[in-house]
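Chemist: Have a look at this one.
The values are calculated or read from the model by the stated rules, or taken from the named source; none is laboratory data. Remember, it's a predicted structure, so these values are computed and weren't measured experimentally. Here the Cβ is made from the backbone with ideal geometry for all residues, glycine too, and neighbour counts use every protein chain on show.
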Amino acid sequence: MTNAIRPQPGIENIKLYKGGESRLAGHDRVLKLSSNENPLGPPPVAIDAIRSAAESVHLYPSTDHAELRTAIGEINGLDPNRVICGVGSDEVLQMVTQAYAGIGDEVIHTEHGFSLYPVLIHMTGATPICVAEKERVVDVDAVLDAISERTRVILITNPGNPTGTILPNPELTRLVEGVPENVVLVLDGAYTEYAEGFDGGMSHARNRMNVLMTRTFSKIYGLGGLRIGWGYGCQEMIETLTRIRQPFNLSTVQLSAAEAAVRDREWVAACSELNAEQRARLTGAIRQLGISCDESSTNFVLARFTDAVEAAAANAALQENGIIVRAVAGYGFPEGLRITVGDAEQTGRVIAALTRWRETA
């Protein structure tokens, strides 16, 4: 690259994101369990909303997302004026890092947090500060100890990805109370709906000026292909983020589908129930095969093998059976495979494939 044209500081440090595979050579009936997608898909009411919205795509969408924000507020008991919507929760995360961090600043994240965090931090020119976790769970003391005068934002994935673990509520409260008021604490809760007894940090975002909670429609609502997310925080923070949000960032189709989906409480309950049932089944089977697996509060489990060699062998065996899971060496687990929890038939395929591999290994 010439000296005449150079990107902003930090951008050259960004590693290109590589998504999970979706095809396997020689297999027509591929079971993709690498991206934590809902096996039941979106609620039928969302599909109907998409079809209906398609008739008006020649018109610009609303810029204030009022109907969707109102629906989110009604379902979750939140002030819609304190809700911001984005192209997936990813965009909300990008907006908050862009708004509050820059060159010379530091942004804290944990070692097994969402892989997008370093990308977002480098985009601002800030310095990523990676903090170790404890037994694959966010270490509150380590996070608090890492805070310096240069810290501007802290990004916490809870429940974790790819660990599936969750920070107990008392520990989350201790973290929230320990973060200085001039530091933004982001609670990234993409998998909140799968975690029993957890509000995603909603109560903290409601009561703390420096806490932002983020959520997504990509997981339990089955709308990953449409890319819709939202965040909730104090009025001043939401107004700041709105200033840098593109006015037409969400299409008419996205807004209509998300509003219909968030109002379908029965669908969410059914998906959560199926996930809990099959997650327990998959976790138990993996452990019976002598493979380590933490309790998960998400729609996936992290199977931890003896080492990277054994993990690769298990991955190869799954692929031979037409099953794609996610190798997570890039997340710090060369010995791990992240497996999305599917429906009963899909879970059975995974268990059968791993059992045959174990018996012949």
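Chemist: Can you name the residue in the range 229-272 that is among the aliphatic types (A, V, I, L, M) and closer than 13 Å to GLU91 by Cβ and, of all such residues, is surrounded by the most Cβ atoms within 10 Å (Cβ to Cβ)?
Modeler: Taking the range 229-272 as the starting set, the residues that turn out to be among the aliphatic types (A, V, I, L, M) are 237-238, 241, 244, 250, 253, 255, 257-258, 260-262, 268-270.
Among the residues that remain, those that are also closer than 13 Å to GLU91 by Cβ are: 241, 244, 250.
Values: LEU241: 22, ILE244: 11, LEU250: 25.
Applying the filter and picking the extreme gives LEU250.
Chemist: Here's a follow-up. Of the numbered conditions (1) more than 30 Å from PRO118 (Cα to Cα); (2) polar (S, T, N, Q); (3) surrounded by 15 or more Cβ atoms within 10 Å (Cβ to Cβ), ASN315 satisfies every one except a single condition; which is it?
Modeler: The one condition ASN315 does not meet is (1).
Chemist: In the range 139-193, how many residues are under 20 Å from GLU295 (Cβ atoms) and small (Gly, Ala, Ser)?
Modeler: 4
Chemist: Taking the range 198-214 on its own, how many of its residues are within 17 Å of the chain's Cα centre (by Cα) and in contact (Cβ under 8 Å) with a residue 12 or more places away in the chain? Reasoning before the result, please.
Modeler: Going through the range 198-214, the residues within 17 Å of the chain's Cα centre (by Cα) turn out to be 198-202, 212-214.
Now narrow it down to the ones that are in contact (Cβ under 8 Å) with a residue 12 or more places away in the chain: 198, 200-202, 212-214.
Of the residues in that region, 7 qualify.
Chemist: Go through (1) within 18 Å of GLY189 (Cα to Cα); (2) of a type in the set (S, T, N, Q); (3) over 21 Å from the mean Cα position of the chain (by Cα) and name the single condition THR151 misses.
Modeler: Going through (1) within 18 Å of GLY189 (Cα to Cα); (2) of a type in the set (S, T, N, Q); (3) over 21 Å from the mean Cα position of the chain (by Cα) one by one, THR151 breaks only (1).
Chemist: Assuming ILE129 fulfils every condition listed in (1) surrounded by fewer than 17 Cβ atoms within 10 Å (Cβ to Cβ); (2) without any contact (Cβ under 8 Å) to a residue 40 or more places away in the chain; (3) over 30 Å from GLU266 (Cα atoms) apart from one, which condition is it?
Modeler: Result: ILE129 fails condition (1) only.
Chemist: Inside the range 220-333, counting only strands (runs of 3 or more DSSP E) that do not spill past its ends, which hold 1 or more residues that are touching a residue at least 60 places away in the same chain (Cβ under 8 Å) and assigned by TED's automatic domain parsing to the domain that holds THR192?
Modeler: On the way: elements: 229-232, 300-304, 326-328.
The strands (runs of 3 or more DSSP E) meeting that bar are 229-232.
Chemist: For the range 63-108: of the residues being in contact with a Gly (Cβ under 6 Å, 6 or more places away or on another chain) and closer than 20 Å to ASN182 by Cβ, which is surrounded by the fewest Cβ atoms within 10 Å (Cβ to Cβ)?
Modeler: Among those residues, the one meeting the criterion is ILE103.
Chemist: Could you check PRO44 against (1) at pLDDT 95 or above; (2) crowded, with 21+ Cβ neighbours inside 10 Å and say which number it fails?
Modeler: (2)
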